[in-house]
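Have a look at the structure below before the remarks.
Read-outs throughout are calculated quantities, based only on the coordinates presented, and are distinct from any laboratory measurement. Everything quoted here is computed from the prediction, not taken from an experiment. Cβ coordinates were reconstructed from backbone atoms using ideal geometry, including for glycine residues, and neighbour counts include every protein chain displayed.
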Amino acid sequence: MTKFYKVGKIVNTHGVRGEVRVVTTSDFAEERYQPGKRLFYFTGGQNQDQEGVPLVIKSYRQHKSFDLLSFEDHPSINDVEGYKGGFLKVAEDDRETLEEGEYYYDQIIGCDVLTEEGDILGTVKEILSPGANDVWVIKRKERGKDVLIPYIDDVVKSIDVEHKQIVVTLIEGLVDEE
């Protein structure tokens, strides 16, 4: 059975020519949404065994905080209206091979984060992409505010996706001590 990875949620249509607004939850949106690439549409329901509807990207552009996509053989708003609220996923076989030191979001989310001293800081729960570098949101093991860790060499020292562990150096100001 093919494994699929969520890359975005269709939140609305855009215009009358078959474009949809997508909130992207994937890394590498520029590559992922190139015309000719294949994605699969899944409804927003909980049925994980459902078959995805294959869609081939016709066009991609960014507009405000959304990615706008259109699909081959879907030239009208009527063709995509029913996709609102559903998810776009990529088949495992269609994922690009990454260079050493590059990771997919799903490989990082869920990893335990430890300090160089071996203290458990928490678990990566989300990745933000606000600008020059990603920021990892760490849910604390103990109570407290989430910790925001910039994905930069000065902070992230090692990543072991096989064992789901990340080692970081805490620079001043990253963690609020309560």
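Using 22 Å as the Cα-Cα cut-off, could you pick out the over-long pairs in Lys3/Lys37; Lys37/Lys89; Lys3/Lys141? Lys3/Lys141, as the Cα separations exceed 22 Å there. Of all DSSP bridge pairs formed entirely within the chain, close to 90 percent run antiparallel.
Computed over the alpha-carbon pairs of the stretch 4-94, the distance histogram in 5 Å steps reads 3, 15, 29, 29, 17, 7, 1 percent, short to long. For the pair the stretch 147-171 and the stretch 1-41, the centres of their Cα atoms are 29 angstrom apart. Here's the picture: charge each Lys and Arg Cβ at +1 and each Asp and Glu Cβ at -1 in the stretch 4-94, and of Tyr33, Pro54, Val23 the one pushed furthest to the positive end of that dipole is Val23. Overall, the anisotropy analysis places the stretch 105-168 in the rounded class: the square-rooted eigenvalues a ≥ b ≥ c of its C-alpha gyration tensor yield a/c less than 1.5.
Across the chain, Cα pairs under 8 Å and at least six residues apart give a relative contact order of 18 percent. Under the convention that each Lys and Arg Cβ holds +1 and each Asp and Glu Cβ holds -1, the size of the dipole of the chain around its Cα centre is about 1060 debye. Of all aspartates and glutamates in the structure, those lying under 13 Å Cα to Cα from Lys145, and not within fewer than 8 positions of it along the same chain, are Asp176, Glu177, Glu178. When peptides 51-60, 89-98, 24-33 are ranked by their average number of other Cβ atoms within 10 Å per residue, the highest-first order is 24-33, 51-60, 89-98.
Helical runs assigned H by DSSP (4 residues or longer) give the chain a calculated mean residue ellipticity at 222 nm of -1000 deg cm²/dmol, each run adding -39500 (n - 2.57) before division by the residue total.
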